[in-house]
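Below you'll find the structure, written out as structure tokens, and then a few comments.
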Amino acid sequence: MDAQREWFEKDYYETLGVSRDASAKEITKAYRKLARQLHPDQNPGDAAAEDRFKEVSSAYKVLGDPEKRKEYDEVRRLGPMGFAPGGGRTGGPGQGFSFNVGDMDDMGGLGDLLGNMFGGASRSGGAAPRRGSDLEAHLTMSFTDAVKGSTTSLHLTADATCSTCRGTGARPGTSPSRCPHCGGRGVTDDNQGMFSFSTPCRFCGGRGTVIEDPCPTCRGSGIEKRPREIKVRIPAGVKDGQTIRLKGKGTPGRNGGPAGDLLVHVTVQGHHRFGRSGDNLTVTVPVTFPEAALGGTIDVPTLDGDPVTLRLKPGTKSGSRHRVRGKGVVGTSSTGDLIVTVEVDVPTELTDAQRRAIEDLAEANLADPRTTTGATS
């Protein structure tokens, strides 16, 4: 289905369950929630969930890209005027609607917009370049790698430029020739005054070129499906659920168009000791009652492995938080801190000496904390 026709017929906002004036953040949040629920790994053997996952992904590819979303909204606003009568169904498959080039010259930017969106022939001749599709991949990272950044490899099986013909579609040693029926435009027009209805050239299939001796590997398409290894540099500080876009790492374009992008959806595993709050790291450290009551210095672990010294004031309360500057996530413009929560460790088993010492402390402590804090029975 033609991209703009699909945009006109499918409500991507409804697919993602968001309003038409939703912010980019709201759209991304809705997509991530649905993607987690519908991902094939979470629903093995469920064809319906897989189809729904594909619909959600297609919707996000458009609405998640500001430029594509703007164009999509314009297509939806213009309605069926951008297509042949009956939405292109009465005039045969692939029929489109365009403005004649001569008449569009007086229409300024609007003529360029409509000509590009609704299948008009290129003014310079030749089939219009088509951008390649985006690819998606899921990457699970350790907590440490996500904080510090890492380089890894993704293994995908996807469309790639044919290794035999280098994307020309022709057998090595030969080259495609211009289609004699459409003159290389890729479409034939039925002119009706200011407007014209265009259909893909039946002779060349809309490519604008013909291949007399096709490549034996890709059979003339210029594209082959093969395993690909893509090295990915994950920046420091990536968050759980974040999507990283790698420009030009998707499927190759057609007719000289640019390649699509690779969207890497990141899942970050938890850590047995550290947590994260924005760019700050968090850790809980146990302390003894004497350390909390009398004050002192304690060693605090860091994600780097080298402990730092934290000084406690006398009378430090259990559950209090302390900040160690510059020991959090290192970002591009700032560095987070390490937030240390201290908890007084209450022993469950006491030696005779410990029991006597605590009993002596109890006798010496004449203040009732429940009275001094205003607690009532």
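Please quote Rg/Rh for segment 231-377 to two decimal places, taking the Kirkwood radius as Rh and restricting both calculations to Cα atoms. All intermediate terms of the calculation are to be shown ahead of the outcome.
Details: Rg = 24.7 Å, Rh = 19.8 Å.
Radius of gyration relative to Kirkwood radius: 1.25.
Would you mind checking the pairs K25/K148; K29/K225; K148/K313; K29/K68; K29/K317 and listing those with alpha carbons more than 30 angstrom apart? All intermediate terms of the calculation are to be shown ahead of the outcome.
Details: K25/K148 25 Å; K29/K225 32 Å; K148/K313 32 Å; K29/K68 18 Å; K29/K317 38 Å.
Pairs exceeding the cut-off: K29/K225; K148/K313; K29/K317.
Within 15 Å, Cβ to Cβ, of A49, how many net charges do the neighbouring residues add up to if Lys/Arg are +1 and Asp/Glu are -1? Present the calculation step by step, with values, prior to reporting the outcome.
Details: positive: K33, R36, R52, K54; negative: D41, D46, E50, D51, E55.
Net charge in that neighbourhood comes out at -1.
May I ask you to list the aspartates and glutamates whose Cα is less than 20 Å away from that of K249, ignoring any residue fewer than eight positions away on the same chain?
D65, E67, D134, E136, D159, E224, E229, D261
How about segment 281-341: which trypsin sites (Lys or Arg not before Pro) there lie in a loop by DSSP and see at most 13 other Cβ atoms within 10 Å?
Details: sites: R311, K317, R321, R323, R325, K327; in loops: K317, R325, K327.
Counting only loop positions with at most 13 other Cβ atoms within 10 Å, the trypsin sites (Lys or Arg not before Pro) in segment 281-341 are K317, R325.
With each label point set 7 Å from Cα along the Cα-Cβ vector, what nm distance links S320 and E67?
5.5 nm
What are the residues whose amide H is under 5 Å from the amide H of G257, where those residues sit 5 or more places off or on another chain and H is modelled from the backbone?
Long-range HN contacts for G257: R130.
Check which residues have an amide H placed less than 5 Å from A158's amide H, if you skip close sequence neighbours.
The answer is R226, R228.
Trypsin sites (Lys or Arg not before Pro) within segment 161-266: which are DSSP loop residues with at most 16 other Cβ atoms inside 10 Å? It would help to have the intermediate numbers written out before the result.
Values: sites: R166, R178, R185, R202, R207, R219, K225, R228, K231, R233, K239, R245, K247, K249, R254; in loops: R166, R185, R202, R207, R219, K239, K247, K249.
Answer by residue number: R166, R202, R219, K239, K247.
Bear in mind these aren't lab numbers, they're just calculated from the coordinates by the rules spelled out. These numbers were taken from a predicted model, which means no experiment stands behind them. Quick reminder, even Gly has a Cβ in these numbers, built from the backbone with ideal geometry, and neighbours come from all protein chains shown.
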